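See structure below.
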């Protein structure tokens, strides 16, 4: 299990490598909000934290690393491997999109684009691991990954976070898992998932082995078919709940972040804010709400 002690150790390891991302206090969306701009992290997502912690916590074999990813995790592993001088092979599905595929290529990894979704990329990555003994860096369901992602919340509290509730987008559960492990119930954590990819929502209803079909505008980042067991166990332990949002609400939140704050995020990065703007989550009177913006790599580059 991941706990605050493991996250503190991860933070000590990754702090020299990752960026301390900004926080913003704003009421431009109609209520006071604290925003953590983690989409400004290396490679454009929080994934850099988990990838770097994983590499620093293991003996990397000569053959190098392998990872499957919807895009952001692959970019993070490629970045961490390049920074530390290791070889990396990354498997991504076609739905990762040209922007994320180009980013991974530019970071120097050996990239394999796979037909289908994340699960198809993971299948091939596991096969490559079995054939070569490369070190597998799981995108969301490994203790070192989750502990690394938890450093986001450790950092945010160090920056003065005062919140009753934190909203976090959920894919496979590494980010929200790290947040739940660090916070230990000090404030409420709400998972936000698209209706088209309700992975944790369905697992909490039907059990940890539940799989879902995934689609929609955030599928290349929030497209895990099954939530990680670490996340599931932490959610059950802490009583964490999920809300769901439509793709249109996510797209609107993306636009409003750009129009009001000039923050360019991918759909997954806007999902948590979308829950507030569309009424999927309605705060109580006086409730202090914080939102984590987690990714900045749209499927198609705007530039």
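The values are calculated or read from the model by the stated rules, or taken from the named source; none is laboratory data. Note that this is a predicted model, so its numbers are computed, not measured. Please note: Cβ atoms are built from the backbone with ideal geometry, for glycine as well, and neighbour counts cover all protein chains shown.
Considering 184, 193, the condition of being touching a residue at least 60 places away in the same chain (Cβ under 8 Å) and more than 18 Å from the chain's Cα centre (by Cα) is satisfied by 184 alone. Among helices (runs of 4 or more DSSP H) lying entirely in the range 1-84, which contain 3 or more residues that are over 25 Å from residue 298 (Cβ atoms)? Helices (runs of 4 or more DSSP H) meeting the threshold: 4-14, 47-56.
Filtering 97, 50, 71 for residues that are in contact (Cβ under 8 Å) with a residue 24 or more places away in the chain, touching a helix residue (DSSP H, G or I) at 6+ places or on another chain (Cβ under 7 Å) and on the phi > 0 side of the Ramachandran plot leaves a single hit, 71. Taking the range 253-268 as the range and being under 9 Å from residue 298 (Cα atoms) and either touching a helix residue (DSSP H, G or I) at 6+ places or on another chain (Cβ under 7 Å) or outside the structural domain of residue 24 (by TED's automatic domain parsing) (or both) as the test, the residues that pass are 264, 265, 267. Scanning the range 254-279 for residues that are part of a loop (DSSP other than H, G, I, E, B), in contact (Cβ under 8 Å) with a residue 24 or more places away in the chain and surrounded by fewer than 20 Cβ atoms within 10 Å (Cβ to Cβ) turns up 264, 278.
Assessment of the range 227-245 against the conditions (in a loop (DSSP other than H, G, I, E, B) and within 16 Å of the chain's Cα centre (by Cα)) yields at least one matching residue.
Across the range 211-239, what is the total count of residues that are at pLDDT 95 or above and crowded, with 24+ Cβ neighbours inside 10 Å? So the answer is 6.
Residues of the range 205-222 being assigned to a loop (DSSP other than H, G, I, E, B) and either more than 21 Å from residue 274 (Cβ to Cβ) or out of contact with any helix residue (DSSP H, G or I) (no Cβ under 8 Å at 6 or more places or on another chain) (or both), which ones? 207, 208, 209, 210, 211, 213, 215, listed by residue number.
Given (1) more than 17 Å from residue 125 (Cβ to Cβ); (2) at pLDDT 95 or above, where does residue 1 come up short, assuming only one miss? That leaves (2) as the condition not met. Do we have any residue at all in the range 110-122 that's touching a helix residue (DSSP H, G or I) at 6+ places or on another chain (Cβ under 7 Å), without any contact (Cβ under 8 Å) to a residue 60 or more places away in the chain and closer than 23 Å to residue 41 by Cβ? Yes, the range 110-122 contains at least one residue that is touching a helix residue (DSSP H, G or I) at 6+ places or on another chain (Cβ under 7 Å), without any contact (Cβ under 8 Å) to a residue 60 or more places away in the chain and closer than 23 Å to residue 41 by Cβ.
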